[in-house]
Structures are given as structure tokens and as C-alpha cells.
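What follows draws every value from the coordinates through simple rules; no lab data is involved. None of these values were measured; they are calculated from a predicted model. Positions of Cβ are generated from backbone atoms using ideal geometry, with glycine treated the same way; all protein chains shown enter the neighbour counts.
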Amino acid sequence: MVAPARVNDTTVRIDKGTSATLDSLAKKKGQTKKDIIAQAVERMRREEILEAANVGYAAMKSDPVAWREELGERALWESTISDGLKGE
């Protein structure tokens, strides 16, 4: 008899090669397949954010006025490092 699905779970079909890789990763890391998938999705989400930021910075860097403003703002923030406070 098949156990009922948990309320917050979903079923996704994957090919046999991906399933074998998932099994191997879960075994090596001592984690559940569900956790491995969650980590992979989170990593992809973060990569997407970084890629978008890189595109934005590239666009800003190609605009000389915008890039000078960015560098000026960075210089202002750098001056806060020497605020006289001891490191934590």
C-alpha cells in the first residue's frame, strides 16, 4: 500500500539517470533526496540573482557617468571603515 502524500509535498517525475545521480548524492552526503533537491534549487536561485547583478553591473560599467557615480559612492562607503571603532 502506498503511503499518503504529505500535505506540503509534491511529486515530480525525473529520468532514470537523474534519479541515479540523486540517489548517489544523497548517499554520499547522508541526506535525503528531498534535501538534495532543495539545496540544488536554492543554489540555482542564488546563481540567478548573481547573474542578474552581474548584468546590471556590466550595464552600469558601460555607462561612464553611471560608473563614476558608482565608484564615488563606493569611496564614500570605504571611508566608514576608518570610523575608529575596534573590529568585532
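The modelled label-to-label distance for the pair Asp15/Ser79, using points 7 Å beyond Cα in the direction of Cβ, is 5.8 nm.
Partners of Lys16 within straight-line reach, counting lysines whose Cα lies under 24 Å from its Cα and excluding those fewer than 8 residues away in the same chain: Lys27, Lys28, Lys29, Lys33, Lys34.
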